[in-house]
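Readers should treat all values here as calculations from the given coordinates under stated rules, not as data from a laboratory. As the structure is a computational prediction, the values presented were derived from the model and not from experiment. Glycine gets a Cβ as well: all are built from the backbone with ideal geometry, and neighbour counts include every protein chain shown.
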Amino acid sequence: MKCLNCGKECTTYLCADCQSPEILEKIFNEIRSYKPETCENPYLIEYASGLTDKYAERDCLPDILNLFDKSINAYYYCLYYKMRRDNQFEDFVLTYLEEHDIHDLKTQRVLYELLGFYSRNDFIKPKKWSELISSHSGLCCELYVSAAEYYGMIGEYDLADEVMQKADASIRVIWSDEGAQAKIPGQFEQTSKWRKKPYWPSTEERRRAVAMFYDEKGITYPRIATRPAKTPENEFAPINECFDDELDDYSAFWCAEAFSVSAAKSIYQIAAVKVKDGKIVDEFQSYIRPWDGSIGRKAAAKEANVALDVIECADDIDIVLPKFFEFVGEDILVSTAALGNQAKLLSRAARYAGMKEIKNEFFDLLDLAADTDSKFDLANNTREYLLSFFGFDEGADSLGKARVNAMLYQKLSEYGE
Ligand SMILES: [Zn+2]
């Protein structure tokens, strides 16, 4: 075996002459960032060239570290466990931090690694460390930026800006490059973005952790449960047409289409009225948060003549649709264009709610109208014509339109009798 530093034949990775803290620092960094094309240490290149697994050159680090006593190698073990994603990392670092002064650069480096390990993953444990950082002056810039990011993510925006003032004033950095100072404007900007729209993680577990802090601060946040995956169009069962023409019991319904620049329209409201023996016996209506972008939500608020908040805070489609289908039960679903645009809207909504099919049958009032009398066919086969023919006003909202559907069914089924 050759010494990795000087190439002398010996029985360890570093010969007796090369076992100094300075050489350890050099060798550790060379191994940590090892790439054959950039490495300038010929003995390390020679050693690594005999290895095949990715990062296998790092396997010798524990043997190298064990050539030194704990007062020297503890710091490198912290970095080593981090780079190997070893689960001893956290415990080892916590012990290190207990035993070392925060003003020491190595302690700060280790703490920085710990905060990186927690970042966007644990929202409780970094609190203590962020408080420690913000209560000290003269620490490295990177630590203040990490603490500010943490504070921003739990809704402590003023604390985030306060600790960033310290970053701004800081003259120390963990690394000699200018990366740390370059991050300062971005972190201030991030906090101001989070003030307007709070940070929101992508998993339910993390959302729950963040929501705890937001609850304390009175910050509102979106739903915690993640939406089910949407069903692809080709996996969604075709809708069922109803071929009965005399319905005693049914649900008349309406979906309000949200404006969209794409062809795939979402809906912002859904309603149904339950009809038994020709009489409306129950009603259902709910707003839905349109799922395809803010333009659709703004347009929906305008069309519904409500504040944008009402639409923004409405439940997602996968929460509303189960309630809708519970309300209509096994009823036949009746509307103008029930087999046309309304079916499209409801099917798409169902797919976005993760449903694979709609079991209910659909009954189209425009088909009934055409079959009832030729005066309702062709150019007159529209909802507008039927409304004006029977002297009905269009409903003001989806519920109103669902009621109109029930009235149209009544009129058409009685027509010409
Ligand atoms: Zn040597």
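Between Pro222, Pro290, Pro232, find the one with the highest GNM mean-square fluctuation for the chain; connect C-alpha pairs within less than 10 Å.
Evaluated over the chain, the most mobile residue of the options is Pro232.
Over 18 Å, how big is the tail of the calculated P(r) for region 116-226, in percent of all Cα pairs?
Tail of the P(r) past 18 Å holds 48 percent of the pairs.
Need one word for the chain: rounded, prolate or oblate. Basis is the Cα gyration tensor (sqrt eigenvalues a ≥ b ≥ c); a/c below 1.5 gives rounded, then a/b vs b/c decides.
It comes out prolate by the Cα gyration axes.
If R₀ is 35 angstrom, what is the calculated FRET efficiency for the pair Met1 and Leu94, using the beta carbon separation as r and rounding to 0.05?
0.50
Give me a comma-separated list of calculated 3J(HN,Hα) values for region 143-157, in order, Karplus coefficients 6.51, -1.76, 1.60 applied at θ = phi - 60°, integers in Hz, x for any Gly or Pro.
Going residue by residue, I get 5, 5, 5, 4, 5, 5, 4, 4, 4, x, 6, 9, x, 8, 5 Hz, with x marking Gly and Pro.
List the pairs from Lys128/Lys197; Lys196/Lys344; Lys274/Lys356; Lys35/Lys128; Lys217/Lys302; Lys35/Lys125 whose alpha-carbon separation is above 27 Å, in the order I gave them.
Lys196/Lys344; Lys35/Lys128; Lys217/Lys302; Lys35/Lys125
Is it possible to state the helix-based mean residue ellipticity at 222 nm for the chain, with each DSSP H run of 4+ residues giving -39500 (n - 2.57), the sum divided by total residues, to the nearest 500 deg cm²/dmol? What is it? All intermediate terms of the calculation are to be shown ahead of the outcome.
Numbers: 18 runs with 204 residues, N = 417.
So the helix-based figure for the chain works out to -15000 deg cm²/dmol.
Taking the chain as a Gaussian network, where each spring joins two C-alpha atoms under 10 Å apart, which residue of Asp377, Asp244, Asp309 fluctuates the most?
Answer for the Gaussian network model of the chain: Asp244.
What percent does the relative contact order of the chain come to when contacts are Cα pairs within less than 8 Å and at least six residues apart?
Once normalised by length, the contact order is 10 percent.
Which value, in debye to the nearest 20, describes the size of the charge dipole of region 169-297 about its Cα centre when Lys and Arg Cβ atoms bear +1, Asp and Glu Cβ atoms bear -1, and nothing else is charged?
1320 debye
With contacts defined as alpha carbon pairs under 8 Å and 6 or more residues apart, what's the relative contact order of region 116-226 in percent?
Numbers: 140 pairs, mean separation 30.5, N = 111.
RCO, region 116-226: 27 percent.
Output wanted: per-residue J couplings in Hz (rounded whole) for region 321-332, from phi through Karplus 6.51 cos²θ - 1.76 cosθ + 1.60, θ = phi - 60°, x for Gly and Pro.
Residue by residue, region 321-332 yields 4, x, 5, 4, 6, 5, 5, 7, x, 9, 4, 6 Hz.
Can you compute the charge dipole magnitude of the chain about its Cα centre, using +1 on each Lys and Arg Cβ and -1 on each Asp and Glu Cβ, nothing else charged? Give it in debye, rounded to the nearest 20. All intermediate terms of the calculation are to be shown ahead of the outcome.
Numbers: 50 positive and 72 negative charges, 234 e Å.
Its charge dipole is roughly 1120 debye.
Give me the distance in nm between label points sitting 7 Å out from Cα along the Cα-to-Cβ direction at Ser192 and Lys276, one decimal.
Roughly 6.0 nm, to one decimal.
Once the Cα atoms of region 252-328 are picked out, what are the Rg and Dmax in Å?
In order Rg, Dmax, the Cα atoms of region 252-328 give 13.3, 42 Å.
Amide H of Gln269: which non-local residues (sequence gap of 5 or more, or other chain) have their own amide H closer than 5 Å, using H built in the peptide plane?
Placed amide hydrogens put Ala256, Ile288 under 5 Å from Gln269.
By the gyration tensor of its Cα atoms, with a ≥ b ≥ c the square roots of the eigenvalues, what is the shape of region 1-99: rounded for a/c under 1.5, prolate for a/b over b/c, or oblate? Before the final figure, lay out the partial values.
Numbers: a/c = 2.25, a/b = 1.42, b/c = 1.58.
Since a/c reaches 1.5 but b/c is at least a/b, the shape of region 1-99 is classed as oblate.
Give the shape of region 233-414 as rounded, prolate or oblate, defined through the alpha-carbon gyration tensor: a ≥ b ≥ c are the square roots of its eigenvalues, a/c under 1.5 means rounded, and otherwise the shape is prolate if a/b is larger than b/c and oblate if not.
prolate
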